[in-house]
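Rule-based calculations on the coordinates, nothing more; no lab input. Everything numeric here is computed off the predicted structure, so don't read it as measured data. Here Cβ is always computed from backbone atoms with ideal geometry, including for glycine, and neighbour counts include all displayed protein chains.
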Amino acid sequence: MRANLRFIGRRVVPQLYPADLPLPRERAKQPYGPAQIDGYLALADAQPTAERRMRAAGLVCLGAGAGLIRADLRDVRGTDVIARSGGLAVAGGRGRSRSFRATTPGCGPRAGSPGAR
């Protein structure tokens, strides 16, 4: 509920709802280990429909492999993910010029996805 109210408030009265502050570096958490990422990918594969499986795996790969954070995930689209030699490249969405290289094992193009070959 609170997230919905903040979202609507930012759209209607943006001056009263400033953007989120970045996480200070000293409070940043340790990256997930391979076993934890494998666990999240297993949870993604357990979703009931193919669409949900692909979306969930995409979120895990973009977050853990490409290092995208909440604000980046909100704006990235499927067309921003590009299959390149050695992995995937993710161009930041909507006005962001950053690009990322997805490095997490198991996060390549998945069977049944548009980028799979």
Practice item. May I ask you to compute the full-extension gain from ARG77 to ASN4, defined as 0.36 nm times their residue separation minus their alpha-carbon distance, rounded to one decimal in nm? Key: 24.2 nm
Study note, to complete from the structure: Surrounding charge for ASN4, neighbours by C-beta under 12 angstrom, Lys/Arg +1, Asp/Glu -1, total +4
